[in-house]
Amino acid sequence: GSTVALLRDVLRSEATASPFLRDLQRALAEPPHSISPKYFYDDAGSRLFERICELPEYYPTRTETSILATHAADIAREIGTGCDLVEFGAGSCTKVRLLLRDLQPRRFIPIDISGAHLEQAAAALEREHPGLLVLPLAGDYTQVVHLPPPLPGARRVGFFPGSTIGNFTPSEALDFLRSAARLLRGGGLLLGADLVKDPAVLHAAYNDAQGVTAEFNLNLLARANREIGTDFDLDRFWHSAFYNAAERRIEMHLVSRARQQVHVGGRPYLLEEGQALHTENSYKFGVEGLRRLAREAGFTPGPVWTDPDHLFSVHWLHA
Ligand code: AVJ
């Protein structure tokens, strides 16, 4: 009996050693029923996100890409060549490619939570740019980042595109920017931020006709089934995304279609019909509001680049 009990305890503590399991249990057990969007990005989720970036309704990627392509020379003139470049949440390293020719960094350190995806992207980048030192770091940049010491004489420059800053609450964004300012002291941060706009445009971007965003959202449950042995029936949840104007954010939720029981880490959880698991916030910004936030975090805001329709903004912030 006691051997079995001991074994059960070991298995349980091993099971709860998974942060995903722990966070999912917490989200189901008590309000606020919310979980970090970082759990979207396993390999399947990273691939789904790449498909989102190509959707006709999802304007941010296309718009930021055109801003970076149009102003690369200008941006490089502000930043200066020869920096030690660090990207937070680099994914497939697509956007940085637009800057490399003009920026000529001495080294590129992409950080991403999706390790296998990152390794491939880093290897491809090194093949395309012989002479560029690429040092991929697999990990969660919302936790403490341990960077190698900066190259002698090179300023550290951060790159945080995609408006991923919008995934943080305002106070988390301030914390993140504060630590970034500390990490990048003497250099700066090139930051992409999505702008407040017509709610209909926002709504369409997170409710695409092909249902890729829905699949991306539901992948959180599929991933839980694959990795931590949960028993979610994906057909019993629907994708909800709407603009919360008061908070200036898109919210994504997974809503239970019926009263149902699910098992997470061996424990049962009862979900009511209509009960929502909040999976993501995507805050939208005003140019001035973002500069104010950056200043509060210890940066000195420099130039801002936008597109003609003012959909998206790219900020150079001196650290
Ligand atoms: C990667 C956080 C910038 O908020 O627009 C896309 C993620 N979620 N569609 C965003 C996302 C749904 C995206 N970020």
(message) Suppose the filter is closer than 24 Å to residue 67 by Cα and surrounded by fewer than 15 Cβ atoms within 10 Å (Cβ to Cβ); does residue 128 pass it?
(response) yes
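Looking at segment 148-166, which of the residues that are touching a strand residue (DSSP E or B) at 6+ places or on another chain (Cβ under 8 Å) and among the small types (Gly, Ala, Ser) is farthest from residue 80 (Cα to Cα)?
Of everything passing the filter in segment 148-166, 166 is farthest from residue 80 (Cα to Cα).
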(message) Criterion first (farther than 28 Å from residue 21 by Cα and not in a loop (DSSP other than H, G, I, E, B)) does residue 200 satisfy it?
(response) yes
(message) Could you check segment 258-287 and list, in sequence order, the residues that are closer than 30 Å to residue 309 by Cβ and either away from the ligand (no atom under 15 Å from the Cβ) or outside any strand (DSSP E or B) (or both)?
(response) 284, 286, 287
(request) From (1) surrounded by fewer than 21 Cβ atoms within 10 Å (Cβ to Cβ); (2) of a type in the set (A, V, I, L, M, F, W, C); (3) touching a Lys or Arg at 6+ places or on another chain (Cβ under 9 Å); (4) part of a strand (DSSP E or B), pick out the condition that doesn't hold for residue 255. (result) (3)
(request) Just give me the residues in segment 213-252 being within 22 Å of residue 56 (Cβ to Cβ) and either touching a residue at least 40 places away in the same chain (Cβ under 8 Å) or outside any helix (DSSP H, G or I) (or both), in sequence order. (result) 213, 215, 216, 217, 219, 239, 240, 241, 242, 243, 250, 252
(message) The conditions are (1) within 15 Å of the ligand (Cβ to nearest atom); (2) over 21 Å from the mean Cα position of the chain (by Cα); (3) not in a loop (DSSP other than H, G, I, E, B), and residue 209 fails exactly one of them. Which is it?
(response) (3)
(request) Out of the residues in segment 149-176 that are within 16 Å of the ligand (Cβ to nearest atom) and either part of a helix (DSSP H, G or I) or more than 21 Å from the chain's Cα centre (by Cα) (or both), state the one that is farthest from residue 133 (Cα to Cα). (result) 170
(message) Going residue by residue through segment 132-148, is there one that turns out to be over 20 Å from residue 312 (Cβ atoms), β-branched (Val, Ile, Thr), within 16 Å of the ligand (Cβ to nearest atom) and modelled with pLDDT under 90?
(response) yes
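The values are calculated or read from the model by the stated rules, or taken from the named source; none is laboratory data. In this text, all values refer to a predicted model and were calculated from it rather than measured experimentally. All Cβ positions, glycine included, derive from the backbone under ideal geometry; neighbour counts span all protein chains shown.
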